[in-house]
Amino acid sequence: MIKKIQKNLSVLVAAFILLGTAAVQGQIVQDPTTWRYEVKKLQDNNYELIFHLNLEDGWHIWALEPGGDGLQFPPSFNFDKNEHVRLNGTVQEKGSSVTGTMDGVDGIVTYFHGKVTYRQQVAVSANTTIKGMHEYQVCTDEMCLPPKKKSFSFSISDITSDTDVLQESIPAAVADTPVHASVPVSDGDTPEEKVLQTTIEQQEHTSNIALFISGLGNGLLSVITPCVFAMLPMTVSFFLKRSKDRKTGIKVALQYSLSIIFIFTFIGGLLSAFLGPDALHAFSTNWIVNMAFFVIFLIFGISFLGAFEINLPSSWATKLDSKANTQNFLGIFFMALTLVIVSFSCTVPFIGNLVVSIQSGGKIGPLLGFFGFGLGLALPFSLFAIFPSMLNELGKSGGWLNAVKVTFGFVELALALKFLSNADLQQGWRLLDREIFIAMWMTLSFVLGAYLLGFLRFSHDSELPKNDWGLPYIKVPRLFFGIAAIVFGFYLMPGMWGAPLNGMGAFVPPMGTQEFILSRGHAAPSVSYSEAHSSVRPQKYVKQMKIYEPASVLNYHLDTYYDYDEALAASKVLKKPIMLDFTGVNCANCRKFEAEVWSQPDVLGLMKNDFIIASLFVDIQSVKLPEDKQYDSKSLGYRIETLGDQNVDLQVSKFNSNTQPYYFFVDENGVLLADKGVAYPTSPAVFAVHLRQVLERYRELHPES
């Protein structure tokens with residue numbers, strides 16, 4: 001409606017100007033434009049409809065996106081409905097453009113003079129005539145003519161029987177819709193493109209079943225965290241003391257499980273409904289939160305090794321005994337609520353992972369996802385309550401249970417180092433560079449292996465079982481776990497000298513923090529900068545951000561930009577599309593995608609030779625923006641002060657996304673080159689197809705590249 005009012009107002013203004021000019025000059029001003037129409041065949045059944053415009057000297061035509069005060073009348077191209085024709089993308093303009101101020105016009109405007117070419121690509125399924133109407137307005141520095149309409153007609157007559165069938169059903173061209181936007185629409189025709197489209201749609205719309213499985217998996221994993229694990233024997237013992245028969249135990253267990261499921265579903269619904277698009281991300285990547293988790297996991301890890309015991313305060317236990325009971329549902333619900341509160345500090349990372357996944361699901365995604373989470377968390381408690389004999393057998397099983405506890409202690413220490421590394425990377429402390437982190441994990445793995453194989457004992461360990469000759473021995477499962485721990489330590493060892501460790505790339509610090517690398521790839525730099533192009537080398541934030549780049553970037557000398565505007569400027573000079581890599585310093589899936597996908601020859605070759613890579617880290621808080629570059633974000637609701645905040649705001653406001661890794665592709669003007677971005681997980685083959693498709697689209701829009 002607003003555009004229609006603007007168009008009508010523009011017509012009236014132009015008419016009054018024309019009447020005034022005619023009264024003064026006493027003559028009618030003729031249309032200073034000459035139009036010529038051409039059809040160009042590209043390949044198979046793809047054609048390009050070309051509108052050639054020749055303007056007389058002193059006249060100009062507004063650009064498709066003219067800017068200004070909104071009263072400018074940009075050209076529009078409307079195609080009649082035709083069942084044999086499908087529009088590929090939108091009309092693109094090319095010619096001698098001028099951008100600047102103009103007398104009598106507020107703001108900056110863009111217009112063309114001389115010769116202008118408009119191109120529209122189409123796919124055609126049969127010989128036909130493509131008809132429609134285009135509308136435009138031309139002006140001089142002193143006046144504008146009223147908008148004028150012209151009909152056009154393009155004849156397609158060389159379609160053979162072999163190419164009569166475009167595809168099973170071809171969408172008709174949209175009629176009576178002005179084409180102003182410059183965002184291209186990509187429709188896959190080839191089998192590879194159809195596979196790509198299907199894959200992207202699956203990424204964008206996670207199935208409800210997958211969300212439930214994700215929630216269930218996160219819930220089960222949260223059971224092994226110290227906060228929950230410490231509650232397991234106490235809670236189950238509470239059930240055993242008050243369960244007189246099997247029927248009562250089953251009833252209590254079901255009520256307890258339902259209470260946990262209800263609580264987490266309710267919490268998840270509140271998180272999804274009321275938190276902003278960046279709230280969970282900000283929480284999970286905050287260095288203070290990571291340091292808190294480091295301390296918690298360190299304390300629990302040392303406790304599991306036997307240094308001391310962690311018990312709930314006696315006042316909590318007294319309060320629990322006074323209010324929690326198995327005689328009514330409220331008592332059982334209170335027990336479940338106590339578990340949720342006490343374990344929240346350990347379960348919140350898993351809840352965060354779940355919320356990230358449900359943001360791309362359907363309306364009932366949060367319900368199913370958090371239902372699965374509550375079910376996974378409640379399942380061990382319910383099983384032991386329903387089958388109390390399992391707990392009895394667990395208690396009679398001897399020293400192996402303490403061995404499990406000690407193993408958890410080593411795992412907790414490894415996780416504590418990971419949380420410390422997250423905070424270290426975000427703040428730039430350089431306490432745990434890559435080789436130091438790997439060395440500490442290697443040491444933990446070897447010591448755990450020695451413990452499981454019986455070479456190391458703790459003061460609270462039970463005696464190993466003895467064979468018929470009175471000699472201590474270890475059982476086969478413990479042997480295999482010990483071997484696995486030692487093998488893992490040897491696997492990490494090459495990382496000390498710069499090996500990429502693709503399988504663990506998601507967990508170890510980035511290669512950029514490694515001070516010594518034995519060898520690196522000998523590939524040439526991805527961009528050959530001549531003296532004329534030396535100004536487009538990555539400069540902004542390179543010193544601060546280079547340490548966070550993955551091995552595939554450093555080993556193969558990929559040039560990476562860290563600033564969106566700098567990447568746009570480089571694209572204009574180098575004539576290459578931009579791959580926007582929304583990533584994170586502490587993003588495990590980002591490291592996994594880079595290690596498994598970027599390093600593949602097909603993908604690496606395309607990225608290296610045909611794309612400009614912009615790595616936009618969303619969780620870096622140590623790089624502050626200059627005060628004159630700081631601003632208040634409408635999308636996020638807070639002030640943007642750091643480079644990470646700026647990248648988050650860009651991803652949310654421009655691309656309507658807030659998960660990482662996520663890849664979007666744009667040209668030098670920030671125009672999307674594909675309808676959808678690419679997220680994790682994606683196979684190397686599918687990602688390579690997407691890169692080729694984006695590159696083809698870019699070359700269509702920028703033939704001069």
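The values are calculated or read from the model by the stated rules, or taken from the named source; none is laboratory data. All values derive from a computational prediction rather than experimental measurement. Neighbour counts are summed over all protein chains in view; Cβ atoms, including those assigned to glycine, are modelled from backbone coordinates with ideal geometry. What goes into the accessible areas is simple: the full protein's heavy atoms, side chains included, and nothing from ligands, DNA or RNA. Shrake-Rupley method; radii C 1.70, N 1.55, O 1.52, S 1.80 Å.
Below is a table of values for the structure above.
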| item | result |
| --- | --- |
| Förster radius 22 Å - calculated FRET efficiency between PHE655 and LYS575, Cβ distance, rounded to 0.05 | 0.40 |
| Probe 1.4 Å, protein heavy atoms only - accessible area per residue of segment 543-651 in square angstrom | 35 |
| Protein accessible area in segment 465-514, 1.4 Å probe - carbon and sulfur % | 75 |
| Cα→Cβ-extended label distance, 7 Å offset, between PHE490 and THR443, nm | 2.2 |
| Mean Cβ count within 10 Å, highest first, over the residues of peptides 295-305, 675-685, 544-554 | 544-554, 295-305, 675-685 |
| Among 597-606, 626-635, 450-459, the order from most to least packed when residues are scored by Cβ within 10 Å on average | 597-606, 450-459, 626-635 |
| Using a Förster distance of 60 Å, the FRET efficiency for ASP628-LEU479 (Cβ separation, nearest 0.05) | 0.40 |
| Listed peptides 561-568, 373-380, 95-102 by packing density, highest first (mean Cβ within 10 Å) | 373-380, 561-568, 95-102 |
| Probe 1.4 Å, accessible area per residue of segment 35-154, Å² | 45 |
| Label-to-label distance, nm, for residues given as GLN539 and LYS115 (7 Å Cα→Cβ offset) | 3.6 |
| Potential lengthening between GLN43 and ILE267 on full extension [0.36 nm per residue; Cα-Cα distance subtracted] | 75.1 nm |
| Per-pair calculated FRET efficiency, R0 = 25 Å: LEU379 and PHE458 via Cβ, rounded to 0.05 | 0.25 |
